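K.L.:
Before I ask anything, let me first share the structure, which is written out below as structure tokens.
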Amino acid sequence: MCTAERAPLAGRHFDVLVIGGGVNGVAIARECACRGKQTLVIDQHDFASGTTSRSTRMIHGGLRYLEHLEIGLVRESLRERERLLCQSPHLVRPMQFLLALSNEHRPLMRSSLAIRTGLWLYHSWAGGQRQVTPNYELERQLDAGRSWSVFSYEDAQCEFPERLIAEWLTEAVTAGATARNYTRLLQVLVRNGRVTGARLRDMLTGKEFEIIAHQVVNASGPWVDLVAKASGLKSAQMIGGVRGAHIVLPQFHGISGTGVYTEAVDGRPFFVIPWNGQVLAGTTEVADSGNPDNTQPSADEVEYLFKSFSSLFPHAGLSRADIRYSFAGVRPLPYSPGKKMASITRRHIIHNHREDGVSGMLSIIGGKLTTAMTLAREVARELGIHVKEPANIFAAPAPANGVESSFRHWARLVACKAGIPESCAQAVAGWHGRHALAIAQTASFNPKLRLPLCEHTCHIVAEAAEAVRHEFAVTLADILLRRVPVALGACWSEPCSYQAASRIGCALGWNESLINTEFERFEAEREKFLHPGDYRVPHPPAVVNG
Ligand SMILES: Cc1cc2nc3c(=O)[nH]c(=O)nc-3n(C[C@H](O)[C@H](O)[C@H](O)COP(=O)(O)OP(=O)(O)OC[C@H]3O[C@@H](n4cnc5c(N)ncnc54)[C@H](O)[C@@H]3O)c2cc1C
């Protein structure tokens, strides 16, 4: 543990308690705090360590929801995509996609005309501002033995939702919220059919205590039913967990800057996306009712993903041995017995436990990274807070090259202030936006803070110091996997972990024993999350206890 003692929460009063610090919980906490509510947001582990960090990381309208005629969801998601592009341009970036459909398997209903009409609607509902340029280089990489229909369209990507959450948390706290990770909800306290507070456990000290809260939002993603059950609520099952896995591969010729949306060997939707200097391929849909703490991809899922990838790009020059990581998360979809998984709605549902005899408590079912802000506004209204719908973002077209020139400007300022090369300053500005200037200021006082975290990265120790001081990072894993997520990078290895632990420890005054403990805990968490290792022969990812 690398943080100072935390102020006690026992006995404190809050208007709203939000359980779960994933994208939904943090968006809700931010909305409530910005509307003047005394808000506490807790997570049993670290913020953004649940489903949110195990997603495909796309900010998308959901082209395939058009096939299920979820028109409202697609339009809302596209509006939110544009809003995120505008509000967080350093973290959410437009991405071109190829929609590649094999003509052998194409169902008759998907005529070229129907697809073109769908894509035209998709483009228009998003405001139709940016032009889409086909990537012929990538198109040529598709398996030439099959006949393809290829279309181009645009969506967006948030490479690091972990960073988006860190920024939203900071905004929530600036607006008066209290944020506490490593704090588990044990029980929601109810008297005379009304929520009165909660019993919590500080997972760092083991101490249990109670707080007073007038309203509680259960935004614990796939843990929603476990939280409701622990609180003795008599609600019917809310979540039908559906696991999704990804594999991470090295980049190959043509993929840079363009994602591919196609169908896997069994006809399921399949994405191959450039991500963080690598390629993310996914995903699967497997019913999963296990404890989400232990979610991991099965050997079969890894095999299925690699087969789907190599049948799509047989000449990419990648073999199973090239798989770097595999990870999985559980989609907290609404419990829908007997329904096909692909057709279960991706729309969020707000369950008011008044129906179960308890007022003052809501549970969130489903939701996407893309629509977390809409969900937050809806939840706030359900809690009785007056929230207006924000103005339509399409009204203000982005200035040509505006974002890129702002980046260059920030990067120059950061380089100048911190005394680091401009290429490194660009990396810092890319993750921290305007806040990079504060990091540069910190770095300017101390050469130890200007050091890179390891030899392979441009990111510097000052970012880690900032994460501990202002972004609630408690462990080395909170820093290297979520606040300054260099350990998700292409060439991260155990020596990098040790070097980063030593450099951060040296700057923050950790002793040798703390450096070693943090290093070991970090490696265990990295293994449990990413399963780095040898994938040459099909094998189940290592099971790590904990
Ligand atoms: C494979 C996959 C791919 C996806 N791809 C996309 C995509 O490309 N784009 C998109 O928009 N969406 C995508 N999604 C959906 C999206 O990622 C999730 O719906 C979203 O992240 C859910 O966020 P959440 O905050 O509800 O849950 P989570 O992120 O899981 O957060 C819940 C938090 O609650 C905490 N918690 C649990 N129990 C307790 C307790 N007792 N006390 C305190 N805290 C507790 C957990 O530690 C956890 O951090 C994908 C999902 C999956 C699984």
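The values are calculated or read from the model by the stated rules, or taken from the named source; none is laboratory data. Computed from a predicted structure; not experimentally measured. Quick reminder, even Gly has a Cβ in these numbers, built from the backbone with ideal geometry, and neighbours come from all protein chains shown. SASA here: full protein model, heavy atoms, side chains in, ligands and nucleic acids out. Shrake-Rupley method; radii C 1.70, N 1.55, O 1.52, S 1.80 Å.
K.L.:
Once a ≥ b ≥ c are taken as the square roots of the eigenvalues of the Cα gyration tensor of the stretch 167-208, is the result rounded (a/c under 1.5), prolate (a/b larger than b/c) or oblate (a/b not larger than b/c)?
P.N.:
Oblate, because a/c is 1.5 or more while a/b does not exceed b/c.
K.L.:
Another question about this same structure. Rank by packing, highest mean first: peptides 462-469, 23-30, with packing defined as the count of other Cβ atoms within 10 Å averaged across residues.
P.N.:
Going by the mean number of other Cβ atoms within 10 Å, highest first, we get 23-30, 462-469.
K.L.:
Let me ask something additional. Under a crude label model (7 Å from the Cα following the beta-carbon direction), how far is LEU204 from ASP356 in nanometres?
P.N.:
3.1
K.L.:
Once R0 is set to 41 Å, what does the formula 1/(1 + (r/R0)^6) return for the Cβ-Cβ distance between TRP120 and ARG191, expressed as a FRET efficiency to the nearest 0.05?
P.N.:
After rounding to 0.05, the efficiency reads 0.15.
K.L.:
Under 5 Å between amide hydrogens, which residues at least 5 positions from ASP288 or on another chain qualify, with H placed 1.01 Å from N in the peptide plane?
P.N.:
Distant-sequence amide H within range of ASP288: GLY241, VAL242, ARG243.
K.L.:
While we're on this one: Calculate one ³J(HN,Hα) per residue across the stretch 190-204 by plugging θ = phi - 60° into the Karplus curve 6.51 cos²θ - 1.76 cosθ + 1.60, and present them in order as whole Hz with x for glycine and proline.
P.N.:
10, 10, 6, x, 9, 5, 10, x, 7, 9, 10, 10, 6, 6, 8
K.L.:
Kindly rank 320-332, 59-71, 189-201 from highest to lowest mean number of other beta carbons found within 10 Å of each residue.
P.N.:
320-332, 59-71, 189-201
K.L.:
Out of residues 5 or more away from ILE59 or on other chains, whose amide H comes under 5 Å of its own, with H placed 1.01 Å from N in the peptide plane?
P.N.:
Counting only residues 5 or more places away or on other chains, the set is ALA156, GLN157, CYS158.
K.L.:
To the nearest 20 debye, what is the magnitude of the charge dipole of the stretch 403-530 about its Cα centre, counting +1 on the Cβ of each Lys and Arg and -1 on the Cβ of each Asp and Glu?
P.N.:
Dipole about the Cα centre, nearest 20: 500 debye.
K.L.:
Residue by residue through the stretch 50-67, which ³J(HN,Hα) values in whole Hz follow from phi under the Karplus form 6.51 cos²θ - 1.76 cosθ + 1.60 (θ = phi - 60°), with glycine and proline marked x?
P.N.:
Rounded to whole hertz, the list is x, 3, 3, 8, 10, 8, 7, 6, 9, 10, 9, x, x, 3, 6, 5, 4, 5.
K.L.:
What FRET efficiency do you get for ALA230 and SER502 if R0 is 45 Å and r is their Cβ-Cβ distance, rounded to the nearest 0.05?
P.N.:
Efficiency for this residue pair is about 0.65.
K.L.:
I've got another one for you. Mind listing the phi-derived Karplus ³J(HN,Hα) values for the stretch 325-339, rounded to whole Hz, using 6.51, -1.76 and 1.60 with θ = phi - 60°, and x for any glycine or proline?
P.N.:
9, 9, 8, 9, x, 10, 6, x, 7, x, 4, 9, x, x, 8
K.L.:
How many percent of DSSP beta bridges within the chain run antiparallel, rounded to 5?
P.N.:
Bridges in the chain are about 75 percent antiparallel.
K.L.:
Still on this structure, I have one more. Skip the ligands, DNA and RNA, and give the accessible area per residue of the chain with a 1.4 Å probe, whole Å².
P.N.:
41
K.L.:
What is the set of long-range amide H partners of PHE14 at a cut-off below 5 Å, with H atoms built 1.01 Å from backbone N?
P.N.:
The list, which skips near neighbours in sequence, is ILE212, ALA213, HIS214.
K.L.:
Work out the length of the dipole vector of the chain about its Cα centre, built from +1 on the beta-carbon of each Lys and Arg and -1 on the beta-carbon of each Asp and Glu, and round it to the nearest 20 debye.
P.N.:
Charge dipole, the chain, about its Cα centre: 1140 debye, nearest 20.
K.L.:
Mind checking which of PHE313, PRO297, TRP410 is farthest towards the positive end of the chain's charge dipole, using Cβ charges of +1 (Lys, Arg) and -1 (Asp, Glu) about the Cα centre?
P.N.:
Checking the options against the dipole of the chain, the answer is TRP410.
K.L.:
Express in nm, to one decimal, how much length is gained between ASN516 and ALA299 on full extension, taking 0.36 nm for each residue of separation and deducting their alpha carbon distance.
P.N.:
Once the chain is fully extended between ASN516 and ALA299, it gains 74.9 nm.
K.L.:
Determine the shape class of the chain: with a ≥ b ≥ c the square roots of the Cα gyration tensor eigenvalues, call it rounded for a/c under 1.5, and otherwise prolate if a/b is greater than b/c, oblate otherwise.
P.N.:
Rounded shape, in that the Cα axes give a/c under 1.5.
K.L.:
At 0.36 nm per residue, minus the direct Cα-Cα distance, what do LEU113 and ARG140 gain on full extension? Give it in nm, one decimal, please.
P.N.:
Stretched fully, the LEU113-ARG140 segment lengthens by 7.4 nm.
K.L.:
Based on Cα coordinates alone, diagonalise the gyration tensor for the stretch 403-530, multiply each eigenvalue by 5, take square roots, and list the semi-axes in whole Å, largest first.
P.N.:
Ellipsoid semi-axes (Å, largest first): 25, 15, 12.
K.L.:
By accessible area of protein heavy atoms, probe 1.4 Å, what ranking do ARG93, ARG346 get, highest first?
P.N.:
My answer, sorted largest first, is ARG93, ARG346.
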